[in-house]
Amino acid sequence: MLCFIAACVAVSLTSAQTRTPRLPAADKIIGEYLKAIGGKKRASAVSDALYEWAAEGEGIARVKVRRPAGIRFELERDGKTLIVAANERSGWIADGKGDPQTLTDAEAKQARLQAALIAQRFADYKKIGVRAQTVDQEPEGEEQAYIVKFTSRDGASVRCWFGARSRLLLKMAVEGDRLIYVFGDYRWQHGLLEPHRLEVRRVGQTPDRFVLREIRRNLGIETSLFDPPGAEKFDVQKFLEEVERNQAELERRVSEYTFSLKETERELNERGEVKKETVRVYEVYPLLGPKKISVRKLISENGVPLSPERAAKEERRVADEIARAEREKGKEKKDEEEDFKVTDFFRICEMVSPRYEEFRGRRTLVFDFRPRAGYRPRNRIESVIARLGGTVWVDLADRQVARLEARLLRDFKVAGGLLASVRPGASIVFEQTRLPDGVWLPRLAEFNLSAKILFFAKIEMSSTLEYSDYKRFGATVEGIKIEGPRP
């Protein structure tokens with residue numbers, strides 16, 4: 001027994017000697033950073049700012065920022081101008097070689113996250129739905145640094161190195177370390193500590209180095225400066241009316257097709273990491289009738305086809321659902337289920353900054369959209385849409401929506417938050433594809449959200465729907481029989 005106790009003590013002492021130091025919480029690191037640069041109150045009093053940098057060798061860089069999430073970087077060099085900008089709705093780039101290009105997918109998410117963090121100096125990252133976690137500690141320059149990982153609801157991430165001694169921001173890495181900013185030579189400027197040296201490193205390229213020449217704050221920079229430049233003036237309202245009519249027709253024609261649906265649901269922890277992932281594949285059959293409903297038949301789960309017993313049970317469930325649809329055909333429902341429609345965005349939101357771009361090999365007209373001032377939602381779905389901002393790509397030839405990205409700009413509460421509360425940063429991505437016969441149908445839908453239910457249950461989830469294998473289909477509710485696909 002004594003030997004056993006001695007061995008346990010030895011193991012305990014060895015573990016204590018090799019245990020890594022406990023990392024401070026991200027909140028504490030950010031709080032000390034804000035205190036080091038002059039205090040959160042003073043930093044938050046800066047609504048906008050212009051930074052002018054001299055590039056090493058030749059060139060001028062200007063960085064304009066505006067709370068809550070606007071940033072615009074302009075680099076003038078060799079007679080050319082490069083502009084990269086982002087706001088809470090979209091990100092875009094203009095290199096002078098053609099039309100400005102709106103960023104999509106990971107690039108857009110990264111740009112929006114960077115813009116929000118830099119414009120707010122990390123002060124209010126929680127209010128915009130960004131998570132922060134201290135993930136490591138390592139040397140950076142002449143001191144140790146804590147690495148804080150910031151993650152948005154839609155999956156973008158940025159890592160920042162804060163000095164353990166100085167408390168200052170020393171480095172920022174994005175795009176999987178393909179782009180790195182290194183900050184140095186901090187000096188006081190009008191009551192705030194600002195970096196006067198900046199190095200931008202890109203994979204496979206010579207680093208760009210800049211020296212700060214001037215800072216001007218609270219200039220009243222317009223929000224439109226961070227919007228993509230618009231195309232020449234034309235009748236936007238008439239164009240959108242055509243798009244809305246075509247989209248309504250598309251939503252009707254979906255009921256003429258059978259298709260495969262792959263549904264991926266992910267449960268996330270508070271750090272945005274996947275706790276559980278479930279993948280289901282369905283065959284979807286429309287039931288032609290006044291309600292334009294459809295029925296899903298489960299084919300596989302997590303890559304494994306259903307067992308014969310479960311498949312038979314699924315067949316019976318589908319038959320029961322069809323029979324119920326037949327019985328209820330023609331009956332009115334007072335509480336019709338609400339659903340998102342792309343056409344609702346054109347009516348509820350304000351479309352701004354129209355511009356021409358190539359998307360998926362086709363010419364599109366792109367709009368940013370934002371909540372329309374004074375609009376009064378008529379139901380819960382409209383209340384959600386009225387809080388969204390984002391970007392929509394419209395095929396110029398067919399007047400069909402090719403892609404829509406939306407983010408929740410303000411929280412959404414059900415029953416004043418008593419039943420549920422969805423936090424800012426929740427996002428939606430929706431894409432449509434053009435079939436060989438010229439018909440446009442859904443291709444992809446993505447949803448990311450964080451919500452609190454009844455003050456207790458917290459939900460962090462991500463869901464992806466992938467549509468494929470469309471076939472024109474004739475189906476009517478005839479007892480419990482589904483007719484096969486037509487050639």
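For a test of the definition: using alpha carbon positions, the gyration tensor, and the 1.5 limit on a/c, classify region 106-157 as rounded, prolate or oblate.
prolate
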Next item on the list: Report, by chain and number, residues whose modeled amide H sits under 5 Å from the one on L23, excluding near sequence neighbours (fewer than 5 apart, same chain).
Entry: none
Next item on the list: Determine the share of region 119-275's accessible area contributed by carbon and sulfur atoms, expressed in whole percent, with a 1.4 angstrom probe.
Entry: 44
Item checked: Spin-label model distance (nm) - V236 vs A312, 7 Å beyond Cα toward Cβ -> 6.1
Next item on the list: Could you compute the FRET efficiency for D27 and T223, with r as their C-beta to C-beta distance and R0 at 30 Å, rounded to 0.05?
Entry: 0.55
Item checked: Loop-resident sites, region 293-332, for GluC sites (Glu not before Pro), counting at most 10 other Cβ within 10 Å (DSSP) -> E332
Margin query: With θ taken as phi - 60° and the coefficients 6.51, -1.76 and 1.60, list the Karplus ³J(HN,Hα) couplings across region 297-303 in order, rounded to whole Hz; mark glycine and proline as x.
Written below: 10, 5, 9, 8, 9, 6, x
Checklist line | Calculated FRET value between A36 and D78, using beta carbons and R₀ = 41 Å, to 0.05 | finding: 0.60
Next item on the list: Roll a 1.4 Å probe over the protein chains and send me the accessible area per residue for region 57-183 in Å².
Entry: 42
Notebook entry, point to check: Once a ≥ b ≥ c are taken as the square roots of the eigenvalues of the Cα gyration tensor of region 191-244, is the result rounded (a/c under 1.5), prolate (a/b larger than b/c) or oblate (a/b not larger than b/c)?
Noted result: oblate
Checklist line | Heavy-atom accessible area order for R310, R153, largest first, 1.4 Å probe | finding: R310, R153
Notebook entry, point to check: What's the FRET efficiency of R296 with E382 using the Cβ-Cβ distance as r and R₀ = 30 Å, to the nearest 0.05?
Noted result: 0.70
Checklist line | Distance in nm between pseudo-label sites at K341 and R252 (7 Å out along the Cβ direction from Cα) | finding: 1.1
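Expressed in nm to one decimal, what extension gain is obtained for the pair S47 and L435 from 0.36 nm per residue of sequence separation less their Cα-Cα distance? Spell out each step's value before the answer.
Numbers: separation 388, 0.36 × 388 = 139.68 nm, distance 4.76 nm.
Full extension of this stretch gives 134.9 nm more.
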Checklist line | Linear extension gain, D105 paired with I60, 0.36 nm per residue minus alpha-carbon span | finding: 13.2 nm
Check: Can you pick out the pairs among K126/K262; K109/K275; K41/K149; K149/K276 whose Cα atoms lie more than 27 Å from each other?
Finding: K126/K262
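The values are calculated or read from the model by the stated rules, or taken from the named source; none is laboratory data. What you see is a predicted model; the values in this text were computed from it and never measured. Glycine gets a Cβ as well: all are built from the backbone with ideal geometry, and neighbour counts include every protein chain shown. Ligands, DNA and RNA are stripped out before the accessible areas are found, and what is left, the full protein with its side chains, is counted by its heavy atoms. Shrake-Rupley method; radii C 1.70, N 1.55, O 1.52, S 1.80 Å.
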